[in-house]
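The values are calculated or read from the model by the stated rules, or taken from the named source; none is laboratory data. Treat the numbers as computed from the prediction; the structure is a model and nothing was measured. Note that we place each Cβ from the backbone using ideal geometry, even for glycine, and neighbour counts take in every protein chain shown.
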Amino acid sequence: MLEPFDLPGMLVAHQGTNDKLVVTNSPNDGSSSYFRVVSGLDGRHETVSLESDNQKGCFVYGDGNLTSGASLKLSGSTELSNAKFKQRASFVMQKGISKYNPISFVAKGANRNFVLSPLLSFRDESYAVYFKIES
């Protein structure tokens, strides 16, 4: 299951083949939010693909648009012969940009949950040096 970093307790789920992935609080049957990590369809060693658990042969893919608001979809075995689809359905797993602080926790709100972390973990340690030069 995939949980968005800024929406703890929510799950990424699919709505069926060729539909966008959504973030949901409670999927209908629960199985639409299960994805299996498999070797990348593009054949490279450093990539992985996400196969739907309840729709075998259907993979998460991006539309190739790497701009804000781009969406991910689920597509089936009809696309598996397409090299462009294989590339767009393959993802590189890397270390995340950020990690939860060890004393972070999830606070349950009325409409959504929130990750709470100590403020000192967000401290920025960069400084600018200015010189006052007088003649």
Enumerated strands (runs of 3 or more DSSP E) restricted to region 72-116, each holding at least 1 residues that are farther than 30 Å from residue 56 by Cβ and in contact with a strand residue (DSSP E or B) (Cβ under 7 Å, 6 or more places away or on another chain): 105-108, 113-116
Test: residue in region 2-10 that is charged (D, E, K, R), closer than 27 Å to residue 82 by Cβ and part of a loop (DSSP other than H, G, I, E, B): no
Count of region 20-45 residues which are under 17 Å from the mean Cα position of the chain (by Cα), closer than 16 Å to residue 88 by Cβ, surrounded by fewer than 16 Cβ atoms within 10 Å (Cβ to Cβ) and at pLDDT 90 or above: 1
Residues (farther than 17 Å from residue 51 by Cβ, modelled with pLDDT of 80 or more, aliphatic (A, V, I, L, M) and under 20 Å from the mean Cα position of the chain (by Cα)) located in region 93-115: 106, 115
Residue 17 β-branched (Val, Ile, Thr), modelled with pLDDT under 85 and either touching a helix residue (DSSP H, G or I) at 6+ places or on another chain (Cβ under 8 Å) or closer than 30 Å to residue 122 by Cβ (or both): no
One residue from 89, 107 being of a type in the set (Gly, Ala, Ser) and free of Cβ contacts under 8 Å to residues at least 40 places away in the same chain: 107
